[in-house]
Structures are given as structure tokens and as C-alpha cells.
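Heads up: the structure comes next, in C-alpha cells.
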Amino acid sequence: MNKKITQNNQKIYYSTVLAVIVFMLLGLFAGNPRFHHLGPGYFTHGVLVLLLSICLLIYPLYKSHFLRVMIIVVASTYFYTLFFLYPNTGSNLIFLCLIPAISILFYDKNLFHLSLLLNTISIICLFSYVAIGDRGDLYPYISEDLIGNIINFLGSQAILYFIFYLSYERLKKQKLYYEQIKQSERLKTTGQLAAAMAHEIRNPLTVVKGFLQLYEKENTNNETSKRHYSLMINELSTAEQVISQYLSIAKPDKDTETELVNVKSVLQSVTDLLNAYGLLQDNKIVLSKVEDCYIAANTIELKQLLINIIKNAMEASKVGDSVVVTSEYKKGWVEIKVTDCGQGMSKEEVDSLGTPFYSLKSRGTGLGMMICFNIAAKYKGTIHFDSVKGQGTTVTIRFPATNAELDK
């Protein structure tokens, strides 16, 4: 289905681009006063048509930020060149006003602001050239009402900004809504699986584990037999732990009592707990710039989230590497960062985190990360991953600060 939508979008894109190229070619050859008197201006016009056509045609293949900037720059140069080459064509001024509209198509906030700023500066320079350079003979539609043209230009830029703002905010809401739907479907699927199988499996496991513990204590067993019993009991405990994770997702406790939690104190407790675990691979947890921050949450659940995240960072790290943990107050939020120098993740791997049964560990179930996302969402927090393959990962956990924190 997604593939079909993508193909349809590409057809619409290329159809539109071909129509734009046809119109540019008509402007170059049909009724062009410079066509019969070839010169540098006409060749510049032709080169810009060629460059802009190439950029538009290859964009779906290389959707990079650099190519987007190139399209904006070449398109701006093209329209300003038309303005100076064909001064008698008053409609060129309209195209200059609409240049920032090109960046709206990319839904890139920074690119739109840059385009709007550069176009405003360029128009100011252009109007100054017409007024101060006494070019009213070439551009009478500007010089005869310079103030009116300036007001019209500013009004057009304000309208474009308004259109971009509404479109951008709507797209963000749709993206958030889509992510919520995906997360809801994940929870629904996993919850159904958990409810169907957890109790059926847990009961026989408990019985088997009880008998094994009984047999382990018998004096008739030799050391080898006891080790075997101990190994089987440990594996059953692991299975019980996985089932408990299923149940915590299937029946989340939404009525857990919240309290004022000192993040610094919780991080210190978690660090003390996991430092012993890190000794196996000579990994250390470094608490750097940990401020006294407070959030409204459940201490046990917050510890569960942090243990999962920090433990994952330690397991992703190489022998001898350190995991750096920071916490600070930022504009109404408490921000906790966990940084490792491990193998990192690709964008596809990051997007799949929290999906049931998806794990980068050989024996992982993917449920631990899903529980982390659930805990964060429960207390109106977020978890964000910044990762580069081969360069490590930074996990940013954000929770709303409490009123006491905001009053500081």
C-alpha cells in the first residue's frame, strides 16, 4: 500500500515538474525578443533553465538538504535574471514575491526562513537600485508607486509565512497522530498476545520451578546435579521475567501513585546498582553535570526506565568505554541524557525501537524498550534517540518539571 502511494506521488511530482520545464522552455523560445539577437543574457537564461530542470528531475533520487538549497538558489537566480533581462514584463515581479513559496514544498522550517530573509534583502536591494539608480524608464510599474509596491511585497511575504506556518503545524500534528496510532497498534497487538498466553504459561512454569527447587535441596544430589538444577531454575526465572514484562504491557497500572522525585538521587542509586554490572566489561557510568531536578512520577518506574536505558548503553559500549549521564533543567523540562560511544544505530533501527519482538540483542525481546516508552508517556515525557552508525548513541529523556522546580 505504502509503495503504491509512493509511486503515485512520484507520478504527480514528475508530471508537475515536466509541466514547469515546458513553460520554462516556452519562455526561452516562444516570443522571446532575445531569441533573434543571441547574447550573454540569452545564454544565461538557457543555462539557468537547464540547471533548474536537472535539479528538479534528480531531487526524488537524492533528497538531500544540499540539493534543496541548490533548487532554492538556482530558482531565485532564474527569476531575478528574468527580471533584469526582460524589464518590460511586469509579471516577473510577482514571481520574485513568490520565491519563498518554493521552500514551502520541502516543509523545511530553517530553509523557509532562510529563503524569506534572502528574498527580502534582495527585493530591498532591487527597489533601491530602481529608486536610487533612476531606472524608472525600465521599470515604470515600480517607480510610479514605489511605496505601494513595497507594501504589496511585504504583504505577500506575510501571506506566505502564514501559509507555511499553518501547513507546517498541521504536518507536525499529523505526524504525531500517525506515531500515536502506530504505538497504539503495537500495544494492542502485544497486549492481546500477553493476555492470551501469559497465564497459561506462567502456571506450569511455577510448578516446574517449585519441584526443581525442592530437588535441588536434596542431599542425595552431587555437585554436578545441583549445578544443573540451578541452571534450569535460572532459565525458568528468565522466562518468568519475560512473562512479567508481557503482563505489565497488557495491563498497565495507570493508577500508580506519583510523588516528587529527585532525579539526581535516582540517577545516583541506579548508577551504584549498575556499576557492578559494568565491571564485567570494564565499563563505567560517569555522572556529569547532574543537577537537583524534580519531576512528578513513580520512583520505582523511573528507576526501571533508567536502568533499561543505561544498561542498553553499557551493553552497546566497547570494553573500557564509559557511559556519560547528565541531567539538567531546561525551559520547564527536566532533561536526562545517556551517551555511549558504542556501535550506534541506523535511522531504520532507531525508528523500529519499541516495536514488539524487535531487538538489537541476540536474546532480546524488545519489550524492555516498549515499557520505557510507556513509562515516559505515562508521565507526559518523551524519549529521543540521536545515533550515528559506528559513532555511538545519545538518548534524551525529557519530563515536565514540577511546579516547585519551575519556581526556582
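List of remarks:
- Meets criteria (basic (Lys, Arg) and at pLDDT below 70) for Arg186: yes
- For segment 379-395, a tally of residues being in a strand (DSSP E or B), out of contact with any helix residue (DSSP H, G or I) (no Cβ under 9 Å at 6 or more places or on another chain) and of a type outside the set (Val, Ile, Thr) returns 1.
- The sole residue among Leu98, Leu48 that is touching a residue at least 24 places away in the same chain (Cβ under 8 Å), closer than 26 Å to Phe127 by Cβ, buried (at least 17 other Cβ atoms within 10 Å of the Cβ) and more than 25 Å from the chain's Cα centre (by Cα) is Leu48.
- Pairs with Cβ under 6 Å, 6+ apart, first in segment 296-317 and under 14 Å from Thr393 (Cβ atoms), second open to solvent by less than 40 Å² (accessible area, probe 1.4 Å) and of a type in the set (Asp, Glu): Ala313/Asp340; Ala316/Asp340; Ser317/Asp340
- From Glu335, Glu315, Glu328, Glu348, residue being more than 28 Å from Lys264 (Cβ to Cβ), of a type in the set (Asp, Glu) and modelled with pLDDT of 80 or more: Glu348
- Within segment 276-306, restricting attention to residues that are assigned to a helix (DSSP H, G or I) and open to solvent by 50 Å² or more (accessible area, probe 1.4 Å), the residue that is modelled with the highest pLDDT is Lys303.
- Verdict on Phe153 being more than 24 Å from Ser64 (Cα to Cα) and either of a type outside the set (Lys, Arg) or in contact with a strand residue (DSSP E or B) (Cβ under 7 Å, 6 or more places away or on another chain) (or both): yes
- Within this structure, Lys361 passes the test of being in a loop (DSSP other than H, G, I, E, B), within 28 Å of Ala276 (Cβ to Cβ) and modelled with pLDDT under 80.
- Every pair of residues 6+ apart whose Cβ atoms lie under 6 Å, when the first sits in segment 254-269 and is under 18 Å from Pro400 (Cβ atoms) and at pLDDT 85 or above while the second is assigned to a loop (DSSP other than H, G, I, E, B) and open to solvent by 40 Å² or more (accessible area, probe 1.4 Å): Lys264/Asp292
- Single condition Leu160 does not satisfy, out of (1) closer than 17 Å to Phe84 by Cα; (2) at pLDDT 80 or above: (1)
- Matching residues in segment 140-173 - criterion: being in contact with a Phe, Trp or Tyr (Cβ under 9 Å, 6 or more places away or on another chain) and open to solvent by less than 90 Å² (accessible area, probe 1.4 Å): Ile142, Leu146, Asn149, Ile150, Phe153, Leu160, Phe164, Ser167, Tyr168, Leu171
- Test: Tyr107 is in contact (Cβ under 8 Å) with a residue 24 or more places away in the chain and either open to solvent by 70 Å² or more (accessible area, probe 1.4 Å) or over 26 Å from the mean Cα position of the chain (by Cα) (or both): yes
The values are calculated or read from the model by the stated rules, or taken from the named source; none is laboratory data. What you are looking at is a predicted structure, and each value in this text was computed from that prediction instead of being measured. Virtual Cβ from ideal backbone geometry, glycine too; neighbours counted across all protein chains shown. To get the accessible areas, we keep the full protein, side chains included, count just its heavy atoms, and leave off ligands, DNA and RNA. Shrake-Rupley method; radii C 1.70, N 1.55, O 1.52, S 1.80 Å.
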